[in-house]
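What follows is one structure encoded as structure tokens, with my remarks underneath.
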Ligand code: GTP
Ligand code: MG
């Protein structure tokens, strides 16, 4: 029985929302219905999920412990101060053990924090408050603690799936659809992965709260858009929006504020300072890099306690709304996320995507390609609506204006979307994956651009090799960095994948049947096998297929996140 299911049974309906968070963050396999103002509500909103996650983080701490066996003692110690809701255990890459503890309320957490002490009296480590703590060995005789009233909600909770085990399970699947679903279930970002991402955001928020008014640090990108896999990077955005209360005209007493002198944009200066603060004040932050000349200045850092690679930018709310948009599309149909996972994994395996920035396509535009494909009308209808449709249906409550007056208004409440607008095409995942490759094998990349706003291809406004319209800023191309060669490789690889998948649907074909042939990293063994089956004419170029992309030097050292 899964940990999630067990806790669901133990704690009953109170945990229903929690279960939903887990499922909506990553899978919508269980369609969730909830009574809401007397009517049935099928979809929960992105804002609800985010505010639930943020509130969870405000009630949580992460404590470094000796081992998993410290659970009982830590639980007993903390429950002297506050009611504990849940405890999760995990290890980082250094084999250090941690427990994430969620308390019943923010007040409880404050009681616990008041009981904490500081590392040592030392100028090198000036005291600071942070939700990341460690559990000191008891001094003298150990107290006896009450037995925990709950079990650990997860053990080794962020351990990534063993690839050999995963491939074995994929071999044993019955159908390609099962393989795609399994890949998704085993590799998607789990509940603890999301919690830890919100904890890092909370830590930085706590650090900045005394320096800036109304400051918020939020995760965005794959950490929250439903397309994240275990171990994905953490994109963070810092905002300090002025509320109506803060700008009320009637008030005659106004805060004096510091003027930022100097040529550089003021926020680049603040980001510079933020880099310093991370180095000096954020426990666990390491390898801080300031990339301030990019269009969107970012501070990159590694977070040691959570093993996260983080990118922090300022005021990039369009990134958050983009994540919301992707999340909404993913929540509309159970097949969207597993299909995208399969495509992303295939793209990585054939070297189309690469962890380093450069002239190749990245996961975000690749995801837009999947969404665009799912918008296509077949004889059975389409899977996803167009963005234009969501914009047309937006109400006053959906109005969002991001930085630089960017209009990010679209329907947020998917319960208002008529059922005929989505999931009309009932094809299984296997069919959809094959159709995806076939669709792009025939796509006119030369003259056409991909636009999820329109759901149909539109004329390219320029001769860039790959044109994928930025859904929130339609004059921009999110794949402008992709070179001619990389676009050619993309075209070649989708053709190869279509052929390979079609030829390898039969489970009896051996260890690389179905999805396996697409997601296993290509080796010369694989090359020989492909040539042996006598279809080498379908291979575009052996050199292209087995190019080790990791050796390529990225042209730009940094790709700006937002155009
Ligand atoms: P992975 O990190 O690869 O797992 O995926 P990701 O979706 O998090 O992509 P990435 O970290 O590259 O970017 C984070 C988010 O920034 C994306 O989800 C988008 O919301 C946004 N973003 C990324 N690239 C662009 C771009 O070229 N233009 C715009 N407007 N937004 C972008
Ligand atoms: Mg990311």
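The values are calculated or read from the model by the stated rules, or taken from the named source; none is laboratory data. Since the model is a prediction, treat every value here as computed from it, not as a measurement. FYI the Cβ positions are ideal-geometry reconstructions off the backbone, even for glycines, and counts take in every protein chain you see.
For every residue, the table says whether it meets (1) free of Cβ contacts under 8 Å to residues at least 40 places away in the same chain; (2) closer than 16 Å to residue 348 by Cα; (3) surrounded by fewer than 22 Cβ atoms within 10 Å (Cβ to Cβ); (4) within 16 Å of ligand 1 (Cβ to nearest atom).
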| site | (1), (2), (3), (4) |
| --- | --- |
| 452 | no, no, no, yes |
| 459 | yes, no, yes, no |
| 464 | yes, no, yes, yes |
| 469 | yes, no, no, yes |
| 474 | yes, no, yes, yes |
| 481 | no, no, no, yes |
| 494 | no, yes, no, no |
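Condition check: crowded, with 23+ Cβ neighbours inside 10 Å and within 16 Å of ligand 2 (Cβ to nearest atom). Does residue 226 satisfy that?
Yes.
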Just one of the numbered conditions (1) touching a residue at least 60 places away in the same chain (Cβ under 8 Å); (2) buried (at least 21 other Cβ atoms within 10 Å of the Cβ); (3) more than 10 Å from ligand 1 (Cβ to nearest atom) is not true of residue 185; which one? (2)
Quick one: is residue 231 within 16 Å of ligand 2 (Cβ to nearest atom) and part of a loop (DSSP other than H, G, I, E, B)? yes
For region 296-317, does any single residue satisfy the condition of being assigned to a helix (DSSP H, G or I) and at pLDDT below 95? yes
Pairing a residue in region 359-370 that is over 12 Å from residue 480 (Cβ atoms) with any residue that is assigned to a helix (DSSP H, G or I) and modelled with pLDDT under 95, where Cβ atoms lie under 9 Å and the two sit 6 or more apart in sequence or on different chains, gives 360/549
Look at region 314-345 and say how many of its residues are within 11 Å of ligand 1 (Cβ to nearest atom) and farther than 16 Å from residue 224 by Cα. 1
Kindly evaluate residue 200 against the criterion of being under 22 Å from the mean Cα position of the chain (by Cα), within 16 Å of ligand 1 (Cβ to nearest atom) and assigned to a helix (DSSP H, G or I). yes
When only residues in region 210-221 that are over 15 Å from residue 274 (Cα atoms) and crowded, with 16+ Cβ neighbours inside 10 Å count, which is nearest to ligand 1 (Cβ to nearest atom)? 221
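Going through region 237-250 one residue at a time, which ones are more than 10 Å from ligand 1 (Cβ to nearest atom) and either within 23 Å of residue 303 (Cα to Cα) or in a loop (DSSP other than H, G, I, E, B) (or both)?
Correct list: 238, 239, 240, 241, 242, 243, 244, 248, 249, 250.
Yes/no matrix, rows are residues, columns are (1) more than 22 Å from residue 241 (Cα to Cα); (2) surrounded by fewer than 20 Cβ atoms within 10 Å (Cβ to Cβ); (3) within 14 Å of ligand 2 (Cβ to nearest atom):
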{"position": "280", "(1), (2), (3)": "yes, yes, no"}
{"position": "289", "(1), (2), (3)": "yes, yes, no"}
{"position": "297", "(1), (2), (3)": "no, no, no"}
{"position": "304", "(1), (2), (3)": "yes, yes, no"}
{"position": "313", "(1), (2), (3)": "no, no, yes"}
Being assigned to a loop (DSSP other than H, G, I, E, B) and within 16 Å of ligand 2 (Cβ to nearest atom) is the requirement here; does residue 453 meet it? no
Return only the number of the condition from (1) under 27 Å from residue 497 (Cβ atoms); (2) near ligand 1 (Cβ under 10 Å from one of its atoms); (3) under 15 Å from the mean Cα position of the chain (by Cα) that residue 348 does not satisfy. (3)
Residues satisfying the stated conditions in region 356-381, i.e. touching a strand residue (DSSP E or B) at 6+ places or on another chain (Cβ under 8 Å) and within 16 Å of ligand 2 (Cβ to nearest atom): 365, 368
Strands (runs of 3 or more DSSP E) fully within region 1-116 counting 2 or more residues that are surrounded by 20 or more Cβ atoms within 10 Å (Cβ to Cβ) and modelled with pLDDT of 95 or more: 60-65, 84-91, 97-103
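So that you can scan it fast, the table gives a plain yes or no per residue for (1) farther than 17 Å from residue 517 by Cβ; (2) within 24 Å of the chain's Cα centre (by Cα); (3) within 16 Å of ligand 1 (Cβ to nearest atom):
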| site | (1), (2), (3) |
| --- | --- |
| 178 | no, yes, no |
| 204 | yes, yes, no |
| 208 | yes, yes, no |
| 223 | yes, yes, yes |
| 227 | yes, yes, yes |
Cβ pairs under 7 Å, 6+ apart or interchain, first in region 224-237 and on the phi > 0 side of the Ramachandran plot, second assigned to a loop (DSSP other than H, G, I, E, B) and more than 7 Å from ligand 1 (Cβ to nearest atom), ordered by first then second residue, are 231/160
Checking residue 405 against (1) within 16 Å of the chain's Cα centre (by Cα); (2) under 30 Å from residue 214 (Cβ atoms), which test does it fail? (1)
